[in-house]
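The values are calculated or read from the model by the stated rules, or taken from the named source; none is laboratory data. Predicted model only: the values in this text are computed from it and were never measured. Please note: Cβ atoms are built from the backbone with ideal geometry, for glycine as well, and neighbour counts cover all protein chains shown. What goes into the accessible areas is simple: the full protein's heavy atoms, side chains included, and nothing from ligands, DNA or RNA. Shrake-Rupley method; radii C 1.70, N 1.55, O 1.52, S 1.80 Å.
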Amino acid sequence: MSALEQLIEALRRLPGIGQKSAQRMAYHLLQHDRAGAQQLAQALQHASAVVGHCQRCHTFSEHALCPICSNAARDARLLCVVESPADQAAMERTGSYAGYYFVLQGRLSPLDGVRPQDIGVRELLERVSDGVVDEVILATSFTAEGEATAHVLAELLKNRGLRSTRLARGVPVGSELEYVDLGTIAHALVDRRAT
Ligand SMILES: [Zn+2]
């Protein structure tokens, strides 16, 4: 494979990028923006080398604890469970949530073989057993799989005597949190209901 073909193949790994878009990006970088190509290569190399996961909430972090988990001023009684760092960022941008987070590695999908142990459910159950968390807010997506994940988590939490709530309806069915507008998320948070 030529260097150009390798570049196109690498770009195709990105979500939503097919052969044509990958080609366009590769041609653009090589034809018009060599400096940008170098910058992109360096940023990718640096980020993939230094960005790990927060030990406590499992979001992306360059340190053992992310800035949110390191912030002692937040409300330790609230723990919000989301599917991805992108969803966590969306929730955080609403500015209406003051508790901590737990970031799952996706959502349950029995058909694709994604089981509780694959998304960090065991770590979540350890995290909520600190004796301080009083309410677990299930903010998984409003897709069928996100709903099923919330249901499974609610049952597991109930068995451990822990209270959980779910974001209110109003978030469009089928949505990933990261694509929902912030006002809607903020309302869904305020109007959350017991599971
Ligand atoms: Zn954290």
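Taking all Cα pairs closer than 8 Å and separated by 6 or more residues, the relative contact order of the chain comes to 16 percent. For residue 41 and residue 168, the difference between the fully extended length at 0.36 nm per residue and the C-alpha to C-alpha distance is 41.5 nm. Per residue, the stretch 65-120 exposes 45 Å² of solvent-accessible protein surface, assessed with a 1.4 angstrom probe and all protein chains in place. Here is the list for the stretch 1-50: trypsin sites (Lys or Arg not before Pro) lying in DSSP coil, each with at most 14 other C-beta atoms within 10 angstrom of its C-beta, are 13.
How many percent of the accessible area of the stretch 1-63 is carbon or sulfur, using a 1.4 Å probe?
Ligands and nucleic acids excluded, carbon and sulfur give 54 percent.
Counting DSSP beta bridges with both partners in the stretch 27-185, what percentage is antiparallel, nearest 5? In the stretch 27-185, DSSP labels about 20 percent of beta bridges as antiparallel. Subtracting the Cα-Cα distance of residue 175 and residue 20 from their residue separation scaled by 0.36 nm leaves 53.1 nm. For residue 102, the amide hydrogen comes within under 5 Å of the amide hydrogens of 80, 81, 82, counting only partners 5 or more places away or on other chains and with H modelled in the peptide plane. Each residue, residue 33 and residue 114, gets one label point 7 Å from its Cα in the Cβ direction; the gap between the two is 3.0 nm. Shown is the FRET efficiency for residue 148 and residue 2, computed with R0 = 45 Å from the Cβ-Cβ distance and rounded to the nearest 0.05: 0.50. In terms of the mean number of neighbouring beta-carbon atoms within 10 Å, the peptides 40-47, 114-121 order highest first as 114-121, 40-47. Adding -39500 (n - 2.57) for every DSSP H run of four residues or longer, then dividing by how many residues the chain holds, sets the calculated 222 nm ellipticity at -13500 deg cm²/dmol.
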